[in-house]
Amino acid sequence: MKLKHDKLQLSVYEKNEAAISFYQNRGFKLVKKEIDQETSAADCLMEWDA
């Protein structure tokens, strides 16, 4: 997937610290935090750049 794209984005709940750590260890950066409108939970937008 990384070979075909120069940027990947994903969202993960802020309380899911294990997932955030997993993605950060693979080069994803935290771009923005916002509130999920459906769940009212804090959501983190993460991004990986080639």
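Counting only C-alpha contacts under 8 Å and six or more residues apart, can you give the relative contact order of the chain as a whole percent?
It comes to 48 percent, rounded to a whole number.
Using the Karplus equation 6.51 cos²θ - 1.76 cosθ + 1.60 (θ = phi - 60°), what ³J(HN,Hα) coupling, rounded to whole Hz, does each residue of segment 32-48 give in order, writing x for Gly and Pro?
Taking θ as phi minus 60°, the curve returns 7, 10, 8, 9, 5, 5, 7, 10, 6, 8, 5, 10, 10, 8, 10, 9, 10 Hz for segment 32-48.
Taking H as built 1.01 Å from N, whose amide H comes closer than 5 Å to the amide H of Glu14, not counting residues under 5 places away?
Amide H to amide H, under 5 Å and 5 or more residues apart or across chains, Glu14 pairs with Ala42, Asp43, Cys44.
Test of the criteria: in the chain, which GluC sites (Glu not before Pro) are in a DSSP loop and have at most 13 other Cβ atoms within 10 angstrom of their Cβ?
Of the GluC sites (Glu not before Pro), the ones in loops of the chain whose Cβ has at most 13 other Cβ atoms within 10 Å are Glu38.
Run the helix sum for the chain: -39,500 (n - 2.57) per DSSP H stretch of 4+ residues, divided by residue count, reported at 222 nm to the nearest 500 deg cm²/dmol.
Result for the chain: -5000 deg cm²/dmol, rounded to the nearest 500.
Exposed loop trypsin sites (Lys or Arg not before Pro) only (DSSP loop, at most 16 other Cβ atoms within 10 Å): please give the longest stretch of the chain free of them, not including the sites.
With trypsin sites (Lys or Arg not before Pro) excluded where exposed in loops, the chain gives 27-50 as its longest stretch.
Full-extension gain between Arg26 and Ala50, please, as 0.36 nm times their residue separation minus the C-alpha to C-alpha distance.
7.5 nm
With Cβ to Cβ distances under 12 Å as the rule, what net charge do the other residues near Gln24 carry (K, R +1; D, E -1)?
0
Given labels modelled 7 Å from the Cα in the Cβ direction, how far is it in nm from Gln9 to Ala42?
2.1
Taking P(r) over Cα pairs in 10 Å bins from 0, in percent as the quantity of interest, determine which of [x] 26, 46, 21, 7, 0; [y] 22, 26, 21, 16, 12, 3; [z] 27, 50, 21, 2 was computed from the displayed structure.
The value matching this structure is [z].
Values quoted throughout were computed directly from the atomic coordinates according to the rules given, and no laboratory measurement underlies them. Small disclaimer: the values here were computed from a predicted structure and weren't measured. Don't worry about glycine lacking a Cβ; one is built from the backbone with ideal geometry, like all the others, and counts go over all protein chains shown.
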